């Protein structure tokens, strides 16, 4: 008899599978205010590891963390026309504080360009103060009409970088550096996620930016997800807030700026990229628990052995959890760890003790076999490395096998039902882009002919990557 | 000629000195919405180190991090009578979202007991789910009428722990454990701050708690500051949210709860405890920069040497910053590092190079002398240990020398003009407490006769610690 599936199979109903997985792997719950979420400990553990890995990479660029207020005077939003137009429909507004109606309502930050520039204009005086490289880890609120856990939530957690530079070139290069060396490296080497790295079309650009760079990944159903973005802001915000510096030559000049962000949406992306019908599969470099050691039965010698194995693996630098909750049935615990996607599961029962073996189950390639207990410390680190590489390779293969070359907007729409399409930008253009939109298909990004990020939207040979997207 | 003071001297005007220091050491700025603040990179660096040290201690207790929404439906606040009465005057309320008036306004969390219990009541089913030990790092908003940077701000950052237990005793012991092993250990061994550990009177208790434990420290002006608190919530919130579990004996029982928090206020406490007329003094275990190595002049050999020294100290496990900004005058940079309170400053100029020496200035005990460059790696770690111990000892001495024993409320008020008073609780009582309040003097906490935390407010021999407070 086949066992009943724990989750709705992906092939039956992908969105339902996603919802099931998040619920059963205890990643998050819906919050009481529409569109908000509670991130449960196992889900938050993924975020903590993302933060640690991302923060280290951000600090390597010389960027420092700081914290700006949650509440922004409503009048600030009138200062940059494109920005306010982009964000006005999503704002949450505090009208009452301390039991009184406020003289000026305060907006709960949807992003911090406005308030950051208010302070940059005070802190930046001379060329010696540049570049000014600031990041903050914070929550933001954007009212969501069609919320979905992690992917689109009214409140989400993120890091937002904000920088000011003396020249256009420096700002442009910094935004590109963040995209490549911080975000790109993080996605590939920690999340084990493949992506394409390109520039947004004018239509898809961040409100207030002059150029938006994006990394786009293919999810398990062939749709695209915008993973992270990095914006060249030009001098738009500097002009609105008069953020100027005294140059070496003694002139007052406007600064050039960037901003860039990555969010808890990455947890949703992780699920939709590496998840399968049995649950999540967590890349070992991200996993807070790389190996779980389970006591099959409540037996003194077994309990001693699982803790001993846990200690030995920990001493070898592996992140281990010992599961000795023998008052919960073994089968239920095994399914739970499978749902949660812990890469390696080691099971010890009384018979294993006699044989000096353990049952070792690998979540990522699959499979289960007995191994000698004494070989675990030598075996496990290599398995984790293999798993990490395998997930990235599977993600790359999915994108390659489900991307097709097309030459007309109609073909692009058709292809987007199954995966991604690549189409010459010259064959699409803003008119073709508008046509795709009628079918809920969007240009995810533009790539140069050689696959690099184009310096210019209309450079000859640019290719548009086209897909349905989350 | 005496040099002009960089800060208003503490003896002239302590609040002004505090404000000056925060401004000139670049710790924080006032935000545009009244009572909010911008935490600048150097100030935020202190918070990041506090978070890392505190988080490690919290995790050692088996507590896991999670994240609950910022926005809480207003109706939740009607569920626990004392809690709503305590918080109603401080709430910030979102009435509009996504361009529309909301059907039910949402409160920006002032604390999360309400929303946490909403989920605890879903997650806790059986005794197997207990204890449930959750912490979150988050921002909260409480409308402040008399804001002061770090000490009382409309928005502040904190960690808030929330736990549920099967029995009263377990909850009580857990709150005490947090107070002693997490908070107490952190304050003493990282912040180098002395404190008394006691229980709050009924009047000073957290709204909704049955007992509040507190750590109180003496600031440089003799006033008290409540550093952290840990609450026994009894079954008040469990009753309001029907948070029950099925016991081993098969009965539905209400859980027993605790909550506990520590905030960015600790940065203000750090300033007012260890600061002097030249600026901040950062305890080495907290400092993000323990040693700064300054190039006195723009000279190739000097620059090479400061980086070499920086690398050698870093290799010895010291947190080092190399200051090679020779386009800023040396004197200004030296004053700036003094303001910022970096424990050890090493200065290298061309003449030092010839002699194989460096000028070494110690911020905490004071003093400046040449030392052989080759001895730095051997010398510096010991100095940092000495500095850490000295700050704690100075903090302890201040409290001891400025605390007096009194026997009447009148004497207590008088003593509170200069420092703290200790008075038998039997000689004060709630009537005496009300009398003190007329003079803005409060009971900071009650101690048992032997200095421990009293199990009962009215235990014989209880002593009240009385002071003016921030």
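Computed from the coordinates by the stated procedures, all read-outs in this text should not be read as laboratory data. Just so we're clear, the structure is a prediction, and the values are computed from it rather than from any experiment. Positions of Cβ are generated from backbone atoms using ideal geometry, with glycine treated the same way; all protein chains shown enter the neighbour counts.
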If the label for residue B:239 sits 7 angstrom from Cα along the Cα-to-Cβ line, what are its distances to the same label in every other copy, in nm to one decimal, shortest first? 6.3
Estimated 222 nm signal from helices in chain A, with DSSP H stretches of n ≥ 4 weighted -39500 (n - 2.57), rounded to 500: -10500 deg cm²/dmol
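Contact order normalised by length for the stretch A:360-435, with contacts defined as Cα pairs under 8 Å and 6 or more residues apart; what percent is it? Don't jump to the answer; show the numbers that get you there.
Details: 48 pairs, mean separation 15.9, N = 76.
Worked out over the stretch A:360-435, it gives 21 percent.
What is the fewest-to-most order of A:244, A:163 by other Cβ atoms lying within 10 Å of their Cβ? It would help to have the intermediate numbers written out before the result.
Numbers: A:244 17, A:163 27.
Placing the least packed residue first, the sequence is A:244, A:163.
Please rank A:375, B:440, fewest neighbouring Cβ atoms within 10 Å first, as an exposure proxy. Spell out each step's value before the answer.
On the way: A:375 13, B:440 10.
Ordered by Cβ neighbours within 10 Å, fewest first: B:440, A:375.
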Copy-to-copy spacing for residue B:278, label 7 Å out on the Cα-to-C-beta vector, in nm, shortest first? 6.4
Averaging sequence separations of C-alpha pairs under 8 Å and six or more residues apart, then dividing by the length of the stretch B:403-467, give the relative contact order as a whole percent. 37 percent
Just to confirm the number: angle between the C-alpha axis of helix B:168-177 and the first principal axis of chain B, 0 to 90 degrees, nearest 10? 10 degrees
State, to one decimal in nm and shortest first, how far the label point of residue B:405 sits from each corresponding label point in the other identical copies (label point: 7 angstrom along Cα-to-Cβ). 9.3
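For the stretch B:291-384, what is the convex hull volume of its Cα atoms per residue in Å³?
Values: hull volume 7.8 nm³, N = 94.
Taking the convex hull of the Cα positions in the stretch B:291-384, it is 83 Å³ per residue.
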How far, in degrees from 0 to 90, does helix B:265-274 lean away from the longest principal axis of the Cα atoms of chain B, to the nearest 10? 50 degrees
When only Cα pairs under 8 Å and 6 or more residues apart are kept, what is the percent relative contact order across the stretch B:291-384? 30 percent
With N set to the residue count of chain B, report its C-alpha Rg divided by 2.2 N^0.38 Å to two decimal places. 1.08
Expressed as an acute angle from 0 to 90° and rounded to the nearest 10, what is the orientation of the C-alpha long axis of helix B:41-60 relative to the principal long axis of chain B? 50 degrees
If you rank B:450, B:12 by fewest surrounding Cβ atoms within 10 Å, what's the result? B:450, B:12
5 Å binning of all Cα-Cα separations within the stretch B:1-118, expressed as whole percents from 0 upward: 2, 8, 11, 12, 13, 15, 14, 11, 7, 3, 2, 1, 0, 0
